[in-house]
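Read the figures in this text as sums done on the coordinates, not as results from a lab. The structure displayed is predicted, hence computed values, not measured ones. Here Cβ is always computed from backbone atoms with ideal geometry, including for glycine, and neighbour counts include all displayed protein chains.
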Amino acid sequence: MAKLLAKLALFCLLLGVPFIFPAVLMVRSGEYRSLVSVIKEQRDYSRTTLYMNLFSDFENVYKRMAVADRQPDILTVGGSRMHQFRSKFFKPGVNFYNGAFAASGFEDYINLLHAFDPNHRPKILIVSLDYLNFDPVRRADMKSFAPFDDRTALGNVIRGDWRELYYYPLIHKITWSSIWDMLKGGRRADGNTAYIGLRANIEKGGVRNDGSYRWALRIDTSEDWMVSRQHIDDVVARIGPGKGAWEFADTISEEGIIA
């Protein structure tokens with residue numbers, strides 16, 4: 001009986017070995033953290049805390065929850081171009097938050113405004129409008145953003161994303177050197193800056209405390225640079241002729257104008 005139990009224990013240990021490495025990275029990087037805990041840390045600590053997960057796409061929910069929590073006097077709403085607005089653009093003490101991706105399209109803008117507490121509505125709202133908002137075809141395809149509910153990437157990881165941590169280094173999406181640096185340095189490998197999430201830890205970029213975005217600082221190799229350059233060139237090549245998510249509309253959406 002004892003030998004059987006020993007063999008069973010050994011079998012369970014061997015079965016769990018593949019999960020040890022992903023589990024360590026999840027804990028070390030903060031990939032498992034809930035949105036509520038991230039928002040609280042960014043709100044309550046004076047140090048810069050950059051947040052960006054690798055295995056989730058929760059930025060819309062995260063931004064909506066952060067807007068509701070911060071109740072800013074000045075709020076930006078729109079796409080990625082709005083990420084450039086920062087609290088340092090305003091006088092000290094101004095309650096500013098960058099809500100880029102908190103809403104997408106006019107209906108979401110209206111829903112976001114209606115969700116504000118009447119006593120804590122922004123005094124200034126800075127909004128970016130994309131031509132896609134006026135495209136009758138693309139408007140129907142635009143994602144309706146989720147309500148305010150706390151989330152964590154842990155569920156995605158458990159359901160199978162952990163395997164990507166073995167695969168991504170092989171396709172150079174992340175490098176072993178960046179993973180090793182994160183394991184050595186921890187969440188404060190950059191002085192007074194803390195990182196939450198695998199992407200934030202590995203790329204040294206992410207969403208700041210004020211909701212603005214700091215672009216990744218890390219390019220490990222010439223190959224990384226070439227991949228980034230190719231991505232930029234591909235986008236530019238599609239914008240001109242209006243291809244690949246940059247299609248031009250033949251008409252203007254009446255619903256978009258009315259909204």
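For this structure, a couple of remarks:
- Convex hull volume of the range 77-117 per residue (C-alpha atoms, cubic angstrom): 64
- Cα gyration tensor category, rounded, prolate or oblate, for the range 23-115 with a/c compared to 1.5: oblate
- R0 of 25 Å, Cβ-Cβ distance R86-Q230: FRET efficiency to nearest 0.05: 0.30
- Among the listed pairs K88/K123; K184/K204; K63/K243; K63/K123, those beyond 26 Å (Cα-Cα): K63/K243
- Label-to-label distance for R47 and I126 is 2.8 nm, based on points extended 7 Å past Cα in the beta-carbon direction.
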